[in-house]
Amino acid sequence: MIAATPLPGQFESRSSSWQQELAAAITDPRELCELLDLDPALIDGALASARDFPLRVPRNFAAKMRKADPRDPLLLQVLPVLAERVATKGFTRDPVGDLESRAAAGVLHKYEGRALVIATGACAVHCRYCFRRHFPYASESALQSGWAQAIAAIRADTTISEVILSGGDPLSLSDRRLRQFTDQLLSLTHVRRLRLHTRYPIVLPSRIDHGLLNWLGSLPIQRVVVLHANHAREIDIDVARACRDLAEAGATLLNQTVLLAGVNDSAATLAELSEALFAVGVLPYYLHVLDKVQGAAHFDVPEARAVELHETLAGRLPGYLVPRLVREVAGAPAKMPIRAQEATDPRG
Ligand SMILES: *Cc1c(COP(=O)(O)O)cnc(C)c1O
């Protein structure tokens, strides 16, 4: 589970404005409910579920939520609810087999040519459907060894051409820590690409500041930034600015979305999201069906329905705006595409 108290070094100096914003994030369900004029009856459940996995939402992201609307698609992603405490058959603590593909402390090597580095457990926002909500970040974060073990594992395997900084959210780390990592990484000549998996440009766009852009822009290898937005209303003028600056720093911008009941499980909502992403220079990459992590069953959309939505989307949008519908299968060689005939039929 994500550490409630940041580990040493995760949120070091609070000098930059993004670090202040991060520190000022809403973590008390009572405050969020008050701010949004929500029914106080939601508070008890929120407090109970926040004990297992704390609430965390930056104020600027909360400001995009509609007041007095408990069904707001942005709110649903972050508000702890009692349903999380219901154990559901088939929903487990490590649904994607992360720990089976561990190559070193904080390094997952699941797919050919790509190593995923768990840079930190910290995130700017706690998504309630997080598939790593039970991940042992305290012992499985690459930063714990000053990157040495992660770098050694990547150095030892010359088939790795792409390194993915993930987490948690790698942009929770200071620019200094990020640079420390890439300074070591750049000595490995078989690594041709750096990819970042981050929600910061969406939930805390001030993170995309001069320091970060200087670092990213200075890297002599290709850079890919994969964002995570689930709804068109997450994308506003500040997000647009962050995306434009990332692109100017030479990054290719992609987005991954999780299909979530009540948040984005309609073709119209998904089409709007694709359009909004493209308007800020981001291509839709993946549409993930939910990883069956304990505590997230209430977000599940049956696969047959997912396929139907995806087909409708493909009928409405240019091909480049249709994300690939995929499922994560523990032990599989890639994210698995979901096609009509394969979808599990809940009636079957
Ligand atoms: C999703 C994932 C990747 C990246 O997969 P792509 O299909 O290249 O986006 C790499 N490593 C791990 C462990 C992953 O879960």
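Summary table below
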quantity: Segment 177-198, residues that are open to solvent by 50 Å² or more (accessible area, probe 1.4 Å) and more than 22 Å from the chain's Cα centre (by Cα); calculated: GLN180, ASP183, GLN184, LEU186, SER187, THR189, ARG192
quantity: Search result, residues across segment 94-105 that are surrounded by 14 or more Cβ atoms within 10 Å (Cβ to Cβ) and not acidic (Asp, Glu); calculated: PRO95, VAL96, GLY97, SER101, ARG102, ALA103, ALA104, ALA105
quantity: Count - residues of segment 106-148 that are on the phi > 0 side of the Ramachandran plot and either open to solvent by 20 Å² or more (accessible area, probe 1.4 Å) or more than 16 Å from the ligand (Cβ to nearest atom) (or both); calculated: 2
quantity: First in segment 332-346 and at pLDDT below 60, second anywhere and open to solvent by less than 70 Å² (accessible area, probe 1.4 Å) and acidic (Asp, Glu), Cβ under 7 Å, 6 or more apart; calculated: ALA343/GLU303; THR344/GLU303
quantity: Residue count, segment 88-105 (criterion: in a strand (DSSP E or B), small (Gly, Ala, Ser) and within 12 Å of the ligand (Cβ to nearest atom)); calculated: 1
quantity: Top-ranked residue of segment 75-87 - restricted to ones that are surrounded by fewer than 22 Cβ atoms within 10 Å (Cβ to Cβ) and assigned to a loop (DSSP other than H, G, I, E, B), ranked as nearest to the chain's Cα centre (by Cα); calculated: VAL81
quantity: Any hit, segment 27-40, residues being in the same structural domain as ALA153 (by TED's automatic domain parsing), in contact with a helix residue (DSSP H, G or I) (Cβ under 9 Å, 6 or more places away or on another chain) and either part of a helix (DSSP H, G or I) or at pLDDT 95 or above (or both); calculated: no
quantity: Residue tally, condition among the hydrophobic types (A, V, I, L, M, F, W, C), outside any helix (DSSP H, G or I) and closer than 18 Å to ALA124 by Cβ, over segment 159-189; calculated: 2
quantity: Output for segment 200-258, where each listed residue is basic (Lys, Arg) and free of Cβ contacts under 8 Å to residues at least 40 places away in the same chain; calculated: ARG223, ARG241, ARG244
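The values are calculated or read from the model by the stated rules, or taken from the named source; none is laboratory data. Fair warning: this is a prediction, and the values are worked out from it, not measured in the lab. Don't worry about glycine lacking a Cβ; one is built from the backbone with ideal geometry, like all the others, and counts go over all protein chains shown. The accessibility values were calculated without ligands, DNA or RNA, using every heavy atom of the protein model including side chains. Shrake-Rupley method; radii C 1.70, N 1.55, O 1.52, S 1.80 Å.
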